[in-house]
């Protein structure tokens with residue numbers, strides 16, 4: 001097992017020796033901790049969108065060293081990196097139906113989500129709830145409207161989004177059960193983006209991240225859209241996601 005704690009300390013990344021940690025991201029001006037590192041799995045993600053992947057890629061990005069230099073430092077010839085650890089799941093991973101969280105409340109008329117321009121009818125249509133903290137909770141349903149998990153959008157805490165335990169976001173397309181026309185289908189990252197487009201008459205699904213999985217591409221194929229528009233976030237992660245999706249989807253849609 002790789003001793004990622006010692007390796008990161010060696011390269012000047014000051015972290016506590018704990019399995020899961022959140023630190024100030026070294027790749028952007030960070031007023032609060034937004035970079036999560038898992039030493040056991042050897043992965044990292046910046047919730048502000050700077051990037052994600054294996055810790056060796058983190059060190060490369062942090063130090064500016066080449067892969068050859070890092071391989072010499074690590075004294076290994078090859079190293080397999082999974083850049084989609086947070087968005088992809090193995091074929092053996094289960095995605096069982098997840099029950100409603102224990103404490104949910106109806107959305108009050110003065111809830112902050114309405115300041116984002118969402119209508120009461122839209123919130124009701126999507127079956128959204130809240131909790132005692134005032135977070136915005138969104139059910140994720142499959143094509144047959146079975147609830148597969150819940151997304152909790154927190155108003156100000158980091159990370160902003162939480163998912164129910166056991167939920168495999170790469171095996172679903174958020175909003176797939178709300179489609180009424182797939183002549184032109186917009187693919188976005190977030191559930192709120194999808195809900196907003198839907199409210200204004202655009203057919204949309206969300207992949208719940210910046211990476212489109214093989215399972216999601218298969219679901220898109222079943223919809224048989226006439227035209228697919230990739231509308232991922234306008235940041236580095238979104239740009240990489242569009243580039244990857246263009247390659248993965250070109251034989252089916254592009």
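The values are calculated or read from the model by the stated rules, or taken from the named source; none is laboratory data. Just so it is clear, the model here is predicted, and its values are computed rather than measured. Using ideal geometry, Cβ is built from the backbone for each residue, glycine included, and neighbour counts are taken over all protein chains shown.
Of the strands (runs of 3 or more DSSP E) entirely within the range 141-254, those holding at least 3 residues that are surrounded by 17 or more Cβ atoms within 10 Å (Cβ to Cβ) occupy 147-153, 184-188, 204-206. Can you pull out the residues in the range 126-140 that are in a strand (DSSP E or B) and without any contact (Cβ under 8 Å) to a residue 40 or more places away in the chain? Answer for the range 126-140, where residues must be in a strand (DSSP E or B) and without any contact (Cβ under 8 Å) to a residue 40 or more places away in the chain: 129, 130, 136, 137, 139. Each residue in the range 124-141 was checked for being out of contact with any helix residue (DSSP H, G or I) (no Cβ under 7 Å at 6 or more places or on another chain) and closer than 28 Å to residue 216 by Cα, and 10 pass. Of note, residue 107 satisfies the criterion of being touching a strand residue (DSSP E or B) at 6+ places or on another chain (Cβ under 7 Å), crowded, with 17+ Cβ neighbours inside 10 Å, modelled with pLDDT of 90 or more and in a loop (DSSP other than H, G, I, E, B).
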